[in-house]
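The values are calculated or read from the model by the stated rules, or taken from the named source; none is laboratory data. Predicted model, so just to flag it, every value in this text is computed and none were measured. Neighbour counts run over all protein chains shown; Cβ positions are idealised from the backbone, glycine included.
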Amino acid sequence: MFYAHQAIEGRQGGNASFGARRHRIAAIRFYGTGGSQGEFGRAGFASDVEDLIASAEHLIERFDCQVLLVGHSLGGAAVLAAATELERDNVAAVATIGAPREVPHVLHNIKGDLDEIERNGEGNVTIGGRAFKLSKEFLDKTREIDLLDRIGALRVPLLIMHSPTDDIVGVEHASNLFAAAKHPKNFVSLAGADQLLLNEADARFAAQMIAAWAGRYLPQKDQLEMPEEGVIVQTGNGKFGTEVHTVSHRFVADEPVSYVR
């Protein structure tokens with residue numbers, strides 16, 4: 001199975017992905033604040049949601065699978081918003097880490113003159129010590145999202161993870177999200193962790209918990225054994241994807257060159 005998520009960074013970057021790899025879950029990962037291509041601060045949150053939906057729909061069509069959406073901080077709000085716009089049968093589950101209950105909350109953590117941005121159409125700010133240029137469109141679209149209303153319409157398994165010592169997005173945000181959500185839903189406390197999961201052990205714990213929890217909702221294919229000799233081939237990975245196992249290697253063959261062209 002495959003999942004799309006905004007990255008759980010941690011100290012080493014991308015610790016969410018190691019949990020996915022160990023559980024044989026392939027991942028699409030992108031950063032909403034500049035780790036990927038594109039310019040953060042233009043269309044902002046609405047653009048993040050559109051990117052998530054496009055990524056998920058590509059995986060769903062390409063591999064004929066359901067997706068697990070995982071988001072950290074504002075990425076958590078993004079996956080909650082995206083999940084309500086995808087076909088319900090295509091979303092296996094959603095997990096958030098340190099997500100705000102309302103998207104406009106993130107504006108309180110931006111250091112800069114937002115009034116000047118309103119007047120001039122754009123301006124320079126800092127977020128988490130990093131410099132960005134924000135547009136008025138970013139501010140407007142950020143303020144439009146009613147996340148609690150959206151989560152009430154979410155009818156897929158939900159895991160909410162939050163630290164009670166988070167001094168950027170307080171744990172009351174998790175309480176409000178949890179109360180608004182429908183069952184099945186779970187909450188895991190990341191006691192002692194900070195909002196960014198800068199301690200690698202905290203990031204690893206979060207990734208392991210998500211991978212283990214998601215196993216209940218993501219059906220896993222039986223893994224082929226490595227042959228003692230020769231080659232084993234198995235179809236069933238979408239339209240063209242084919243698993244190929246040799247004595248020493250396993251890989252997936254993709255569509256033929258004639259189809260790409």
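Points to keep in mind about this one:
- Among residues of the range 185-213 that are without any contact (Cβ under 8 Å) to a residue 24 or more places away in the chain, none has a beta-carbon under 7 Å from a residue that is of a type in the set (D, E, K, R) and exposed (fewer than 15 other Cβ atoms within 10 Å of the Cβ) at least six positions away or on a different chain.
- For the range 210-261, the set of residues classified as part of a helix (DSSP H, G or I) and either modelled with pLDDT under 75 or within 18 Å of Leu59 (Cβ to Cβ) (or both) consists of Ile210, Ala211, Ala214, Val257, Ser258, Tyr259, Val260, listed by residue number.
- Matching residues in the range 66-90 - criterion: being touching a strand residue (DSSP E or B) at 6+ places or on another chain (Cβ under 7 Å), surrounded by fewer than 24 Cβ atoms within 10 Å (Cβ to Cβ) and not in a helix (DSSP H, G or I): Gln66
- Residue in the range 134-157 that is surrounded by 15 or more Cβ atoms within 10 Å (Cβ to Cβ) and modelled with pLDDT of 90 or more present: yes
- Single residue of Thr96, Thr126 found to be in contact with a Gly (Cβ under 8 Å, 6 or more places away or on another chain) and modelled with pLDDT of 80 or more: Thr96
- Failed condition for His58, given (1) at positive phi; (2) free of Cβ contacts under 8 Å to residues at least 12 places away in the same chain: (1)
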